Each structure stands twice: as C-alpha cells, then as structure tokens.
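**Student:** I have a structure here, written as structure tokens, and I will follow up with some questions on it.
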Amino acid sequence: MTAHSPDLLEEPTLRRILGSPVLRSEDHALLTGAARYLDDVPCEGALHAVFVRSPIAHALVSSVDAGEARAMPGVVGVFTAEDLGRLRLPPVEDSPAVFARPLLAIGRVRFVGEPVAVVVAETRAQATDAADAVAVDYEPLPPVIDPEAALEPDAPVLFSDYGSNLAIRVDDVAEDDSALEGAEIIMRGRFVIQRVAPVPMEPNGALAIAGAAPGQPSVTLWASVQAPHDTQRVVAQVLGLDPARVRVRTAAVGGGFGGKIPTYPEHVVIAWLARQLGGAVRWSETRNENMVAMTHGRAQVQHVELGATRDGRVLGLRVFVIQDIGAYASEAATLPPLTGLMASGPYRIPRIDFHAVSVVTTTTPVGAYRGAGRPEATWLLERALDMLAAELGIDPAEIRRTNFIPREAFPYRTPTGASYDSGDPGRALDAALRLAGYPQLRQEQAARIGRGQTWQLGIGISSYVEVTGWGSEFASVEADDQGTFTVLTGTSPQGQGHETAWAQIVAGTLGVAFDAVTVRHSDTLLVPRGGGTMGSRSLQVGGSAVFRASVALLDKARRLAAHLLEASENDVRRFDGRIGVRGDPASSLSWGELAAAAGGPSSLPPGMETGLRAQADFEMEDSTYPFGAHVAVVEVDTETGKAKLVRHVAVDDCGRRLNPMLVEGQIHGGIAQGAAQALFESFVYDEMGNPLTSSLADYAMPSAAELPAFITAALETPTDRNPLGAKGIGEGGTIGAGPAVHNAVIDAVSHLGVRHIDMPVSPQRVWRAIRDAQRAAPGAPREGGGDGAAGPERFDRGNRHAHAERPVDRRGVPPKIR
C-alpha cells in the first residue's frame, strides 16, 4: 500500500464510489445482443473442425480408417495422433508423467468422449458428416467407474506401464496419529460428494488463425477460457513456440465455473491445424460434447471420523479422501490439498489427521468447479457435526457455537496450516438464525411432527470458512488528451463485472467520471501478463493491482501538475476531475491537459518518462479467508421423498465490498449452484462407463423456478492482506448453501430415523432412506435394510450410507492403500 492510499480510502468521494451499487456497464451489450461470443467472431474463409470421439469408456484403438471421410465433399483433411507427432499436454505438477493427456488418443481411449481424430472441412456440416464416416476399430477393455473399486487389487488398470490407478497421494497437509485420543464419542461417516458438470451457457470452442506476415504472432487463438496467459503458455510449450509468438484472446465468455480454467487438448489441436494448413480453423462444441468433454467437478468419497466429548466439544478429526480425477491427471490434483487445508472450517479443532489419494477412472477428467475442494471440506464438517448433534441430542446451532473459533482468537492458525486473517463465525450464525426465524421454525417443525403431516419441515445450517486470493496480477492505467482512461488488467472475466468494478476503482481514486474509464482484458498481445479469473481472486489481487496503478498515476499527475503550475507537489491535490493547487481552483489542469503535456519531453520534470501512464503488479503474500453462515428451509413429502427449498438465508463476509450489487449477484449464483448439487445434479455413468446424463434432458440442472427468493445480509471484517481490505466472494454462496440444503432435507426426516442421505437428495433416495430407517426401527422386520449401532463409544447409525463401510486403520487410510 502506497503512502497515499490510506488517505484516499478515507476520502468521502472514494468511499461513496467504492461502496456504491453501480450498475454493470457490461449489461447493455449482453441484454441487447450486441455482445460477441466466440462463435460470433468473424473470420472469412475459416475452415471448420469436428472431433471424432470415443463411444467406449476403455478400449485399445486398433486402427483409424479415414479413407471414406477424406473423399467426402469439402473435406480438407483428417488427422490422428500420429499426424500430430503424438503430442501431449504438459504433465500436471506432482503427478507421474504417464498420466499426461494426449491431444488425440494414442493407442487407447480411457473415457467416452475422448477425441481420437479431427476432421477439417469447408463447413461445419461437411465436417460433421465426415466425422461420422471415420471408422475406428476398438478392442474393448474392462472399465472402472467407481474410484474405490479402482483401488482394488484386481481392478482394470488404465495405464499399464504404471501398473496402478493411484495417481497422487496427499499425506503432508496434517498428520496426527493421536487425532481421536480422549474422545468420549466418535462419529464415523462415509460421504459421497457426487460428480457434477459445470454446464456453462457457452460450451467450449476455439478459433485459430495462422500468422502470415513477419512480426505477426505465429498463431492467434481465440478461445473461451478463464486464463488466457496460461493457455498461451501451454499452447506454446506443446507446439514448441516462443510464448510471444502465440496470441490468445477471448470474446465475451459465457460462463466458466472452473470448467474453462484448463487448456484443453482441442485448443492445442486447433492451433496446430491453423499452422499446419496455413489459415484459420474454428471449432465449437455441441452441448452433448460439452457434457462429456469439459472437466467435471467434485467427485470425492470421504471417510470421516469426528471425536468429541459428550457435551459436544470436538477434540479431533480424521479424514481420508478418495478423489476421482477421471481418466487423466488434471486440476483435480489440487482439490484434496484444498479440502485438507480447509478441514478445520470455522471451528477450533485441536487435532486433525488428513490423508487423500487421487485415483484415475475411465470417466471424464475432473477439474475445478466453483469452490474447488473447499465445498467438499465444508460438506464433510457440516454433515459430521449434524450427525454428532443428533446423536448427542444437541441443537445443531448450539453444537456449532460450542466449537466456533472466537472472534478474539483471530488471526488464527489451524492444524492444517491455514492462516485465518479475520473472522467472527458466531456473529454470522446468529445473524442468519435471526433472519430465518429459527425458534419459530423449530416450533413449526415440532408441530408438524406432532400432527403427523405428510409434508415435514427441515432446517439446515452450514457455517464455513474458505480460502481465496493467491498469486500476483498486472494492471496499468493510462490517461489520454481527451481526458479518458484505459485500464489493462490480467484478470479475464466470464460475467463477474470486472469492467464495472475496475472502472469504479479508477474513477474513485482519480476523482474522474465513471464513464471516462475503459477496461481492456483477455488479450495476451495487449496485456503482458496475467493470472486470469478463478479461485475468488480477482478483486483482491487484480483489483488491488488496478488500485496501485491508479495511485501511481495520480502521483505522476500531481508531480507533473506541480511542475507545470510551478507549485509545491505537497500543495497539489485532485478535485472535480482536475489536478491543481489546494485552495486555488483557478490554478489547476484537466487530465486531458496533463496527458497532452506528458506527450512531450520538454514539458516534463527531470527523470519523468513521457506519457501519462502507470502500471503495477500486486502479489498476495498470504490468502484471505472469508466466512459465513447459511440457513436453508425445506419441505419434504414423506410419502414420495420430494424435497422443496422454500427459504434460504445467507450471511456472508467478503471484507470490504466494492460494489454491493456485484457481490449480491455472485452470492445468488453461488447459492443456486450449491442448492442444485444438494437437490438435483449428478453426472452418472452405467457400469460400462456410458454417460447417462450427457444432455440437459437428463442432467437435472434447475431453473430459477425451482428455487426461492434468497435472503442475504452482509458482514464486513476487512483484511489487511490487500490495500482494498477485500476478500473473495465468487464461491462463498456455493460453499455455504450446498451443505445447508443437504442438512435441511435430512433434518426433515431425521425424526423417522434417517441419519444420512448421499447427494443429490432426490425423491427416490429420500423415499428409500425413510423406508430403510423404518425397517431398521426396533421391532420392525429387518429384510437386509438398515444398520445397527456400533456400541457406546462409536456410532454409525442410520441408513447404509451413513457409516464407514470398510475397515480404516489408525491413520484413516484403508489398509490396502497403505
């Protein structure tokens, strides 16, 4: 933080702008249809590519016969892995190189949807027809869909040279063999955090244009991605080019949610084709392709043991996570470490023992999805606490209060190494319960149970902490002689509102009109470096860079004005869009006048470079840790199992709020995605690895009609880890909402003996859990249904999903994996 920024942040003008719900400047183009998405980018004469994808989950590729396809009208070529020189994506950090993904399948396919060949034709229709004519000879191999089954000694192995499906182990987050010592009661659970698809509005795609003239990039790649500079790096590395010779650009990006962080094999193939054919090639996914080719999310199996005293005080936690990463190592490798880092949540847990393995299966690769490892940590904690509370007869809110980290303990370091900056989880929960009318809800619930109503009420609570902000980010701000300003930023939005937010920062810092600021991004030729947009990092890293560059520009303008006005720099201030001498408005210069003067060396003070421009790189020294509490209210039909979310309350902290309207948008979208996973969404395969939910006719993504209005409230606990005092908010809604809704559905039927239901809590699953619990009740016929209690010191009551189903040793790791 520069010497001037504290004063700036206290000035009424800046406070007014930085805390105002300014309407999004991006929306006019989006609402009027003027926004240009990837498929709208004009490129006359571009060829069209269509990929030939495997219809089989696991098979050897004996041959690819493209003779008929090559002879079809308009076809320019058909290419296989051999034509591309058997190129692969770079290996994922910490994973064996054997798991690196090929651009096109090399001798074997490992999931339905893996590209085997690519057809290029003059039109998309011609390329599609020719792709259907490519004959691929497959020799089917046994698939393995379940990540636990993939660890069995006799499981089919995806990479025979490696000899195992266990790709990565995580043993260094927190290791404590004594985690459960002294516990008077131990809750044991096996939780499945199901696989989901990102389903962005705009599927994946690319347009590559080969450079024809000296000085041009070797290839310009338009792609719908979240991190253009990372895509530039990967494409250059795979194709053996200097990164400066690869230009990556995005048009408007229609949603990402983590699925557009990676550089996909298809992106590199399209760039290769453009260079090979010396022209332009474009590719756009169909929705069906997107559902099987874009990375999926979540996909964890969690074995959890929570040790506590009989008054509900948690003493220790032991977790073993099996992460399904799909067919190849990808960003999923980062998910278990994030789950481990956040395994303490907002609670004071003295001892934690966390271990994880990442496992390959014959399914679509798994990657980041809104929250990326942090929702999974909240889910395991919030379910375990609810189950512990039910066993001990303690109200779920009270057991959380008993274990919260108190406000005075911040900053706080957890046993997993997370360094919480600021927080007050008790205050967040109290506010959420008050807004929800918690006592009245519990009274209504008891009354419905007493009346034996079919529709029962469930109240779910979720308290969370997440980790946001990392790395560094670039920004520059430049004034021109018209008094307008151009911002360059390394962030790359997909609907978050960066153009609005960054303009607010510049306008507020410089004291100029909001409409005078233009923000440019997502072009590696224009912006020299950037980390992209993901992980709730943008405002605190990218916004701080914009703020720092704005302050540096103001300092330069003050120095220049002092020189031109022959005044002391200490007397020069900004006011009414001008820079001048304090107390003498007549002795001032407009920004346009200053920019014009800065264009010539003769007008500048000694040592000042020409141009009224400044740039900054801001690097996070440590992450921030926003927190919150959500309360979900559901109604469940105990005869059919149908659950309806009827109320949702969210109280979220994200530090200082730059634009409350943008924050609300992020929270609402996050709640919708969290609730959707709890209630509806799941990507499902059959036993042969065939996807059963590869269209929106089968994949149950809800619309706004399935969700209620949300009640939100803001908390602000500013951080000192960036000059704006901001924390991330892009994923908090998802992290808080999912477990709250999940808990609420189970709470609605807990009086019937149900202790746990894995997600999604569909009518069939809820109905089956109720029937299993009824059969397991004392005196009821048992017909192989429920499970009994495990003894006075350990319990695993409930339906068949509510307890660890395999022996777990003292480190929480199944013996055969050890």
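**Student:** Return the residues of region 137-178 that are outside any loop (DSSP other than H, G, I, E, B), open to solvent by 50 Å² or more (accessible area, probe 1.4 Å) and among the charged types (D, E, K, R); say none if nothing qualifies.
**Tutor:** Correct list: Asp137, Glu139, Arg169, Asp172.
**Student:** Which one of these is more than 15 Å from Val646 (Cβ to Cβ), touching an Asp or Glu at 6+ places or on another chain (Cβ under 7 Å) and at pLDDT below 95: Glu731, Glu716?
**Tutor:** Glu716
**Student:** A follow-up question, please. Return yes or no: is Asp555 open to solvent by less than 70 Å² (accessible area, probe 1.4 Å) and free of Cβ contacts under 8 Å to residues at least 12 places away in the same chain?
**Tutor:** Judged against the criteria, Asp555 is not a match.
**Student:** Within region 610-625, is there a residue that is without any contact (Cβ under 8 Å) to a residue 24 or more places away in the chain, in a loop (DSSP other than H, G, I, E, B) and open to solvent by 60 Å² or more (accessible area, probe 1.4 Å)?
**Tutor:** Checking region 610-625: at least one residue is without any contact (Cβ under 8 Å) to a residue 24 or more places away in the chain, in a loop (DSSP other than H, G, I, E, B) and open to solvent by 60 Å² or more (accessible area, probe 1.4 Å).
**Student:** With respect to Val112, determine if the residue is under 25 Å from the mean Cα position of the chain (by Cα) and β-branched (Val, Ile, Thr).
**Tutor:** yes
**Student:** Any chance you could count how many residues in region 128-152 are more than 29 Å from the chain's Cα centre (by Cα) and either of a type in the set (Asp, Glu) or at pLDDT below 95 (or both)?
**Tutor:** 5
**Student:** Answer yes if at least one residue in region 595-609 is assigned to a loop (DSSP other than H, G, I, E, B) and touching a Cys at 6+ places or on another chain (Cβ under 8 Å), and no otherwise.
**Tutor:** no
**Student:** Would you be able to tell me the number of residues in region 307-366 that are in a helix (DSSP H, G or I), open to solvent by 10 Å² or more (accessible area, probe 1.4 Å) and at pLDDT below 95?
**Tutor:** So the count comes out to 3.
**Student:** May I ask you to say which residue of Phe111, Phe99 is at pLDDT below 95 and either touching a His at 6+ places or on another chain (Cβ under 7 Å) or hydrophobic (A, V, I, L, M, F, W, C) (or both)?
**Tutor:** Of the residues listed, the single one that is at pLDDT below 95 and either touching a His at 6+ places or on another chain (Cβ under 7 Å) or hydrophobic (A, V, I, L, M, F, W, C) (or both) is Phe99.
**Student:** While we're on this one: Let me spell it out: the conditions are (1) crowded, with 24+ Cβ neighbours inside 10 Å; (2) not in a helix (DSSP H, G or I), and Glu181 meets all of them except one. Which number is the exception?
**Tutor:** Result: Glu181 passes all but (1).
**Student:** What are the pairs with Cβ atoms under 7 angstrom where one residue, in region 269-298, is under 23 Å from Ala236 (Cβ atoms) and at pLDDT 95 or above and the other, located anywhere, is open to solvent by less than 10 Å² (accessible area, probe 1.4 Å) and in a helix (DSSP H, G or I)? Sequence gap at least six, or different chains.
**Tutor:** Pairs that qualify, where the first residue is under 23 Å from Ala236 (Cβ atoms) and at pLDDT 95 or above and the partner is open to solvent by less than 10 Å² (accessible area, probe 1.4 Å) and in a helix (DSSP H, G or I), are Ala271/Val235; Ala280/Ala274; Val281/Ile270; Val281/Leu273; Val281/Ala274; Trp283/Glu266; Trp283/Ile270.
**Student:** If you don't mind, another one. May I ask you to list the residues in region 635-662 that are over 26 Å from the mean Cα position of the chain (by Cα) and either buried (at least 24 other Cβ atoms within 10 Å of the Cβ) or closer than 26 Å to Gly423 by Cα (or both)?
**Tutor:** Correct list: Val636, Ala643.
**Student:** Residues to consider are Gly373, Gly345; find the one that is in contact (Cβ under 8 Å) with a residue 40 or more places away in the chain and at positive phi.
**Tutor:** Gly345
**Student:** Okay, moving on. In region 387-394, is there at least one residue being open to solvent by 10 Å² or more (accessible area, probe 1.4 Å), free of Cβ contacts under 8 Å to residues at least 24 places away in the same chain and within 20 Å of Gly753 (Cα to Cα)?
**Tutor:** Checking region 387-394: at least one residue is open to solvent by 10 Å² or more (accessible area, probe 1.4 Å), free of Cβ contacts under 8 Å to residues at least 24 places away in the same chain and within 20 Å of Gly753 (Cα to Cα).
**Student:** Report, by residue number, each residue of region 43-99 that is part of a strand (DSSP E or B), open to solvent by less than 50 Å² (accessible area, probe 1.4 Å) and in contact with a Lys or Arg (Cβ under 8 Å, 6 or more places away or on another chain).
**Tutor:** If the condition is that a residue be part of a strand (DSSP E or B), open to solvent by less than 50 Å² (accessible area, probe 1.4 Å) and in contact with a Lys or Arg (Cβ under 8 Å, 6 or more places away or on another chain), then Leu47, His48, Ala49, Val50, Ala59, Val61, Gly77, Val78 are the ones that fit.
**Student:** A further question follows. Checking Gly542 against (1) out of contact with any Gly (no Cβ under 8 Å at 6 or more places or on another chain); (2) closer than 18 Å to Gly490 by Cβ, which test does it fail?
**Tutor:** Answer for Gly542: the failing condition is (1).
**Student:** Let me ask you something else. When region 536-551 is examined, which residues are found to be open to solvent by 10 Å² or more (accessible area, probe 1.4 Å) and either more than 22 Å from the chain's Cα centre (by Cα) or at pLDDT below 95 (or both)?
**Tutor:** Hit for region 536-551 is Arg548, nothing else.
**Student:** Can you confirm whether Asp571 is open to solvent by 60 Å² or more (accessible area, probe 1.4 Å) and either of a type outside the set (Gly, Ala, Ser) or in contact (Cβ under 8 Å) with a residue 24 or more places away in the chain (or both)?
**Tutor:** yes
The values are calculated or read from the model by the stated rules, or taken from the named source; none is laboratory data. All of these numbers come straight from a predicted model, not from anything done at the bench. In this analysis, Cβ positions are derived from the backbone assuming ideal geometry, glycine residues included, and neighbour counts consider all displayed protein chains. Ligands, DNA and RNA are excluded from the accessible area calculation, which covers all protein heavy atoms including side chains. Shrake-Rupley method; radii C 1.70, N 1.55, O 1.52, S 1.80 Å.
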